[in-house]
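*Asks:* Got a structure for you, written out below as structure tokens; questions coming shortly.
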Amino acid sequence: MSFISPTKALFQQARVLLLGSGRMGHIRAKAIFANPRFDFAGVVDQNVDGAKQLADVYRTNHFASLTEAIQHNTTPLHGIIISTPTATHAPLISTAAANNISIFTEKPVDETSLQIQEIFNTVRNNNVALCCGFQRRFDPSYVALYDAIKKGAVGTPLTSSIFFGDHPVPSRSFLLQGGGNIISDCSAHDIDYIRWVLNDEVESVYAVGTSSDDELEEAGVIDNATVVMKFLKGAVVTLTLSRGANYGYDQRCEVFGTDGMASVENFAENSTVLSNVSGVHRPKWQHSFPQRFEAAFGYELDAFADTLLLGKPWSVSEEDCVAVQRVCDAALESCERGQVVNLFA
Ligand SMILES: NC(=O)c1ccc[n+]([C@@H]2O[C@H](COP(=O)([O-])OP(=O)(O)OC[C@H]3O[C@@H](n4cnc5c(N)ncnc54)[C@H](O)[C@@H]3O)[C@@H](O)[C@H]2O)c1
């Protein structure tokens, strides 16, 4: 798909706005500022104090809304980076597309596969790129595993075991106010990654979720879950997710095939090892996603610069975004119904 006009390829720098000054906003602001291919035009947040504080760190402007930022910028904007809550993505994407501005958005593009399809339909005629972030595709370890599988290093993949151990446990208010369901919040990353690695589609899903205390159960919030996916070519993938990895952010992926096994493992906070009579002690795993994926977040935004400046297609396609969310939606349905959900029925 070509979405960029030849004149745009002449930009030396891509002029971009950051939307959202929360957790992801802080990560993205640092990566935008560190990349000389970006001209950082400002931070937008409806929480104006948050926008100002973050904008001041990187000596850029702050705005209360995307519309205000667009009106203020007499120099054309080439891209926005959306780091606001998922439910706010669609109107921001529509506004940017209507103003001929390309979009990078945090995953997921929207809350259901139908809504994701709708938003891609909306932007299709605007000649802009809509790029969804799945940072495993830019992480050196996950990319090396992808390359190994693609070269046939383990033969034909038969099974994959993936573990997503979140750390630290999110706040009660986050868990109870919409963000808490671990399948909705966290599974998309590994589902996107394993589809990409296996170059295959999920045929059916069976998922079981549990709540680790009464308050979460009463609120219908699942904080531990296992999702079993059968792929069309026959591989079976087990994705286990938990909020409770108290020893650090635990992100592992193992692919087992006819000729061997390849895996991505964790990084510790540092490489110091204490050995004494009680054992051999290493530090905990890295604290959380900002530490574990710091490099990947930087490479990901550099790829967005490639899209804006050079017209390179984004590696996560519309079909990928919709298919990943269909699997997430099916996993939630399977949890509720206690049955296998077929995606090709
Ligand atoms: N890639 C990852 O590993 C990863 C990790 C965490 C979150 N996320 C995704 O990032 C997105 C943001 O999550 P977060 O945890 O950073 O949220 P957050 O709550 O920490 O921050 C969101 C910010 O957006 C602002 N905001 C809300 N509506 C707005 C609007 N209409 N215009 C401008 N600003 C607005 C809020 O005031 C807040 O400051 C979500 O889509 C989430 O799924 C991705």
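*Asks:* Points 7 angstrom from Cα along the Cβ direction at His72 and Val169: gap in nanometres?
*Replies:* Placing both labels 7 Å along Cα→Cβ, they lie 4.0 nm apart.
*Asks:* Which whole-number percent is the relative contact order of segment 1-149 (Cα, under 8 Å, 6+ apart)? Let's see the in-between values first.
*Replies:* Details: 235 pairs, mean separation 30.1, N = 149.
Normalised by residue count, the contact order of segment 1-149 is 20 percent.
*Asks:* Shifting gears a bit: Sorting Tyr146, Tyr206 by accessible area (1.4 Å probe), largest first, what list results?
*Replies:* Working: Tyr146 40, Tyr206 90 Å².
Largest to smallest exposure gives the sequence Tyr206, Tyr146.
*Asks:* Which residues in segment 25-43 place their backbone N less than 14 Å from a point set 7 Å from the Cα of His287 along the Cα-to-Cβ direction?
*Replies:* 26-27
*Asks:* Now for a different question. Probe radius 1.4 Å, ligands and nucleic acids left out: which of Trp285, Trp196 has the largest accessible area, and how do the rest follow?
*Replies:* Working: Trp285 85, Trp196 60 Å².
In descending accessible area the options line up as Trp285, Trp196.
*Asks:* What's the ranking of 151-161, 94-104 by average number of surrounding C-beta atoms within 10 Å, highest first?
*Replies:* Highest-to-lowest ranking by the protection proxy: 94-104, 151-161.
*Asks:* Compute the Rg/Rh shape ratio of segment 1-138: radius of gyration over Kirkwood radius, all on alpha-carbon atoms. All intermediate terms of the calculation are to be shown ahead of the outcome.
*Replies:* Working: Rg = 14.2 Å, Rh = 15.1 Å.
Rounded to two decimals, Rg/Rh equals 0.94.
*Asks:* For Cα pairs less than 8 Å apart in space and 6+ apart in sequence, what is the mean separation divided by the residue count of the chain, i.e. the relative contact order in percent?
*Replies:* Working: 692 pairs, mean separation 70.2, N = 345.
Across the chain, relative contact order equals 20 percent.
*Asks:* So for segment 90-163, considering every pair of alpha-carbon atoms, how many percent are separated by more than 20 Å?
*Replies:* Details: 1321 of 2701 pairs.
Tail of the P(r) past 20 Å holds 49 percent of the pairs.
*Asks:* Sort 305-318, 169-182 for me by packing, meaning the mean count of neighbouring Cβ atoms within 10 Å per residue, highest on top.
*Replies:* Averaged packing, sorted descending, gives the order 305-318, 169-182.
*Asks:* About the Cα centre of segment 32-178, what is the dipole size in debye to 20, counting +1 per Lys and Arg Cβ and -1 per Asp and Glu Cβ, all else neutral? Write down the numbers at each step before the final one.
*Replies:* On the way: 10 positive and 12 negative charges, 93 e Å.
The dipole of segment 32-178 has a size of about 440 debye.
*Asks:* Please give the per residue volume of the convex hull enclosing the alpha carbon atoms of the chain, rounded to a whole number of Å³.
*Replies:* Values: hull volume 55.1 nm³, N = 345.
Cα convex hull per residue, to the nearest whole number: 160 Å³.
*Asks:* At 7 Å along the Cα-to-beta-carbon direction for both Val340 and Val277, put a label point, then send me their distance in nm to one decimal.
*Replies:* Spacing of the two 7 Å Cα→Cβ label points: 5.6 nm.
*Asks:* FRET efficiency for Asp306 and Asn121, Cβ-Cβ distance as r, R0 = 25 Å, nearest 0.05? Could you put the intermediate results ahead of the total?
*Replies:* Working: r = 25 Å, r/R0 = 1.01.
Efficiency, rounded to the nearest 0.05: 0.50.
*Asks:* Compare the peptides 67-75, 112-120, 187-195, 43-51 by average per-residue count of other Cβ atoms within 10 angstrom and give them in order, highest first.
*Replies:* Working: 67-75: 13.1, 112-120: 18.2, 187-195: 23.9, 43-51: 19.9.
With the highest mean Cβ count within 10 Å placed first, the list reads 187-195, 43-51, 112-120, 67-75.
*Asks:* Right, here's the next one. Which whole-Hz couplings ³J(HN,Hα) result when phi for each residue of segment 118-125 is put into the Karplus expression 6.51 cos²θ - 1.76 cosθ + 1.60, θ = phi - 60°, listed in order with x for Gly and Pro?
*Replies:* 4, 5, 5, 4, 5, 8, 4, 8
The values are calculated or read from the model by the stated rules, or taken from the named source; none is laboratory data. Bear in mind that the values here come from a model prediction, so they are computed numbers and not experimental data. When we count neighbours, we look across all protein chains shown, and the Cβ atoms used for this are built from the backbone with ideal geometry, even at glycine. Ligands, DNA and RNA are excluded from the accessible area calculation, which covers all protein heavy atoms including side chains. Shrake-Rupley method; radii C 1.70, N 1.55, O 1.52, S 1.80 Å.
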